[in-house]
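Since the structure comes first, as structure tokens, the remarks are kept for the end.
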């Protein structure tokens, strides 16, 4: 088959997969296009965790003719989870060919789905638009391959790199369009990470306020978990996050049973963590725990201290930086507390992945090296 043809249909499968971006976690987003000759005859995508997978949704849409081709953005699953193996449904259709964008990084699959298809005499190919497929499911891929979630650090600051005035006032540095854009970042995330200091200072809601129509999908999005680093259990339970829908997980060093019970009465889950050696919650252990709980992507909304630690300790995968057309002056608070860097060789390098205007502000997406 011509490579350009495979890429064309895989691009369609990836477009379909994106329709489940805000509702499939902890599962990956997957799209499937069934092709006969040079015509797509059915398209399906995974809509929500626990629901039918993309291949089954496409198969159920039509009577699949023998000899059709399947283009799937992720290797068909071969294990029993909450749904039966998709590879069995494909084999029953007797396709001439199955093309996958990438092998499933889930060790329960890991190429076995493609092997089962080959064993049935079905032609198999993979690696078509693989980079795009991995990027779409960056959190799922990292969790499967490294046991960690994908971590995105969001920060808004002035052109001179300040996130708040000296007195702590930060509302609002950016405009309405940028704040709406952040809602889409929250929608993609499985968890929103913040600190007790930020919650006490700003009293944010940290919830998703966009519905399915606003997000352009059929299924209602799930509310991201609020994961709060609160070493001393300083939250009281009356903060705004406790009045919003969704789970709250509080990571702490404290073994104060009374304070834990008070927060749990307000609906939080209190998770005792080990010290990192400097009197703080061990962030590496925190992210291990989030991954074990099925968190694919973490979106952070926090102050300079936690944001700086995430970058300094190598946890952050990317920074989403909103630059507002203001200058706040030398007395204002820095956006990132990275400590003193004394040599240029020790500076933190980033790669600019995307740069665009959002309302009056600029949004930079930066990959950390």
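Each reported figure results from applying straightforward, stated rules to the coordinates on display, with no laboratory input. These numbers were taken from a predicted model, which means no experiment stands behind them. Neighbour counts are summed over all protein chains in view; Cβ atoms, including those assigned to glycine, are modelled from backbone coordinates with ideal geometry.
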Expected 222 nm ellipticity per residue - DSSP helices of 4 or more, -39500 (n - 2.57), all of the chain, to 500: -8000 deg cm²/dmol
Peptides 8-21, 323-336, 101-114 ordered by average Cβ neighbours within 10 Å, highest first: 8-21, 101-114, 323-336
Along each principal axis, Cα extent of the stretch 129-288, largest first, Å: 50, 40, 33
Gyration tensor (alpha-carbon) shape descriptor, the stretch 142-188, a/c threshold 1.5: prolate
Alpha carbon Rg of the stretch 3-138, scaled by the compact-globule rule 2.2 N^0.38 Å: 0.91
DSSP-defined antiparallel bridges as percent of all bridges, the stretch 147-368, nearest 5: 35 percent
For peptides 349-355, 150-156, sequence by mean Cβ density within 10 Å, most packed first: 150-156, 349-355
Values of log10 I(q)/I(0), in the order q = 0.18 Å⁻¹, for the stretch 247-369 under a Debye, Cα-only, solvent-free model: -1.16
Pairwise centroid distance, computed over Cα atoms, of the stretch 339-369 with the stretch 200-277, Å: 29 Å
Three-way shape label, the stretch 301-369, alpha-carbon gyration tensor, a/c 1.5: oblate
Among 296-303, 70-77, the order from most to least packed when residues are scored by Cβ within 10 Å on average: 70-77, 296-303
Cα-based helix-to-principal-axis angle, 176-188 vs the chain, degrees rounded to 10: 60 degrees
